[in-house]
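**Q** This is the structure I have questions about; it appears just below.
No value in this document is a laboratory result; all are computed from the given coordinates. What you see is a predicted model; the values in this text were computed from it and never measured. For neighbour counting, all protein chains shown are included, and Cβ atoms are generated from backbone atoms with ideal geometry for every residue, glycine included.
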Amino acid sequence: MTDENTQTPDRRAIGVFDSGVGGLTVLHECLVNLPHEDFIYLGDTGNFPYGPKSLAEVRRLAFAAAARLASEDVKLIVVACNSAAAAALPQLQSSFATPIVGVVMPGARAAVQATRERRVGLLATEATVRSNAYQNALHTLDAGLEVFAIAAPRLAPLIQGGDVFSEEIEGAAREAVAPLKAAGVDTVILGCTHYPLISPMLRRLLGPHVSLINSAEETAREVAEILARKEIDNDREREGRYRFLTTGDAEEFRDVGARFLQLPIREVEQT
Ligand code: DGL
């Protein structure tokens, strides 16, 4: 490995995309853990939500998003959308020269490490559950694991829509976790990048003995490791910049997005 002091910094940005604003929870973790890196985030808000769409359609949209980021000469692409990663990650990795990281494997790995009873629940969109990507990743890591996958189609649109403390969201969350409670899982993967916004509510509904796996945190850790191993870090002394592209309305992205990012959103370009 090259000495950290003599390594030439790789000044290219890291590209991140999601079907909308949910992936900003992943970007948030990346900005906290890698404050010296530049980021370009693409929110495909014009096509939100991906969850109810066919896997072929999600794959088509994921290709368009990855191609847009590749056109910015990014050094790494993070698929910060479980539905897109579940439907398209291997195909994206085979088609693009840029290294591409998804949110599924980091979340699966953390769940396998966390579970004591080897009973893991997954809360995700219909597309993610239908793809079997988490189920396959979990069984690749531990073939003896019991996996209970629950699609929660109402949650992401409600969370994106605004008030995350509403009774409507609590009702939808209660309904989604009921089969997981009945199955007696000890670990639940938040398999959608919108869900970290309601993790206090989910924690209360599931009880204190259930570990919640936030794939945003796990993915940020993986991004940091890849940069270090490939020696493509930027200069650690600098403060990085971040900017946004959206396929939807720029003003709406700015308003809704700040809640997910928990940092100011300035530059938003419609693409
Ligand atoms: N952000 C997406 C995910 O992580 C969910 C929202 C959608 O349905 O597009 O799966």
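**Q** Report the gain in length on full extension from Thr271 to Asp73: 0.36 nm times residue separation, minus Cα-Cα distance, nm rounded to one decimal. List each step's numbers first, then the result.
**A** Working: separation 198, 0.36 × 198 = 71.28 nm, distance 1.61 nm.
Going from the current span to full extension adds 69.7 nm.
**Q** Hey, another quick one. Work out, in µm²/s and without decimals, the Stokes-Einstein translational diffusion coefficient of the chain at 4 °C, 1.567 mPa s, Rh from Kirkwood over C-alpha pairs.
**A** This corresponds to a translational diffusion coefficient of 70 µm²/s.
**Q** Just in the stretch 126-222: which trypsin sites (Lys or Arg not before Pro) are loop by DSSP and have at most 10 other Cβ atoms within 10 Å?
**A** Numbers: sites: Arg130, Arg154, Arg174, Lys181, Arg203, Arg204, Arg221; in loops: Arg154.
For trypsin sites (Lys or Arg not before Pro) across the stretch 126-222 that sit outside H, G, I, E and B with at most 10 neighbouring Cβ atoms in 10 Å, the list is empty.
**Q** Okay, moving on. Any idea what angle helix 104-114 forms with the longest principal axis of the chain, computed on alpha-carbon atoms, 0 to 90 degrees, nearest 10?
**A** Roughly 60 degrees, rounded to the nearest 10.
**Q** Using only Cα atoms and rounding to the nearest 10 degrees, what angle (0 to 90) does helix 55-70 make with the longest principal axis of the chain?
**A** Tilt of helix 55-70: around 20 degrees.
**Q** Multiply the residue separation of Phe165 and Gln7 by 0.36 nm, subtract the distance between their alpha-carbon atoms, and state the gained length in nm to one decimal.
**A** On the way: separation 158, 0.36 × 158 = 56.88 nm, distance 4.70 nm.
Result for the pair: 52.2 nm of gain on full extension.
**Q** Which whole-angstrom value gives the distance between the alpha carbon centres of the stretch 228-271 and the stretch 151-196?
**A** 26 Å
**Q** Summing +1 for each Lys or Arg and -1 for each Asp or Glu, what net charge is found among the other residues whose Cβ lies under 13 Å from the Cβ of Gln91? Numbers along the way, then the final one.
**A** On the way: positive: Arg59, Arg60; negative: none.
Counting the neighbours of Gln91, the net charge comes to +2.
**Q** While we're on this one: For the stretch 67-166, what is the relative contact order in percent, using Cα pairs closer than 8 Å and at least 6 residues apart in sequence?
**A** Dividing the mean separation by the residue count of the stretch 67-166 yields 25 percent.
**Q** Rounded to the nearest 0.05, what FRET efficiency do Asp142 and Arg241 have when you use their Cβ-Cβ distance and R0 = 41 Å?
**A** 0.55
**Q** Phe148's amide H: which non-local residues (gap 5+, or another chain) put their own amide H closer than 5 Å, with H modeled 1.01 Å from N in plane and none for Pro or chain starts?
**A** Counting only residues 5 or more places away or on other chains, the set is Val120, Gly121, Leu122.
**Q** Counting just the Cα atoms, what span does the stretch 125-236 cover along each of its three principal axes? Round to the nearest Å and put the largest first.
**A** Principal extents (largest minus smallest coordinate, Cα): 47, 38, 28 Å.
**Q** Could you state the orientation-averaged shadow area of the convex hull built on the Cα atoms of the stretch 171-253, in nm² to one decimal? Please list the in-between numbers first.
**A** Working: hull surface 35.7 nm².
Value for the stretch 171-253: 8.9 nm².
**Q** In what sequence, highest mean first, do 96-102, 157-163 appear when ranked by Cβ atoms within 10 angstrom?
**A** Most protected by this proxy first, the peptides run 96-102, 157-163.
**Q** Let me ask something else. Sequence gap at least 6, Cα distance under 8 Å: using those rules, report the relative contact order of the chain to the nearest whole percent. Could the numbers behind the result be given before it?
**A** Values: 536 pairs, mean separation 76.0, N = 271.
Averaging sequence separation for qualifying contacts and normalising by length gives 28 percent for the chain.
**Q** For every helix of n ≥ 4 consecutive DSSP H residues, a contribution of -39,500 (n - 2.57) applies; sum these over the chain, divide by its total residues, and give [θ] at 222 nm rounded to the nearest 500 deg cm²/dmol.
**A** Dividing the helical sum by the residues of the chain leaves -14000 deg cm²/dmol.
**Q** Calculated FRET efficiency, Arg259 and His36, Cβ-Cβ r, R0 30 Å, to nearest 0.05?
**A** 0.75
**Q** Quick one: helix 167-183 against the long Cα principal axis of the chain, what's the angle to the nearest 10°, folded into 0 to 90?
**A** Roughly 70 degrees between the two axes.
**Q** Ordered by packing density, taken as the mean number of other Cβ atoms within 10 Å over each peptide's residues, highest first, how do 188-194, 9-15, 117-123 rank?
**A** 188-194, 117-123, 9-15
**Q** Excluding residues on the same chain fewer than 8 positions from Lys230, give the lysines whose Cα lies under 19 Å from its Cα.
**A** Result set, ordered by chain and number: Lys75.
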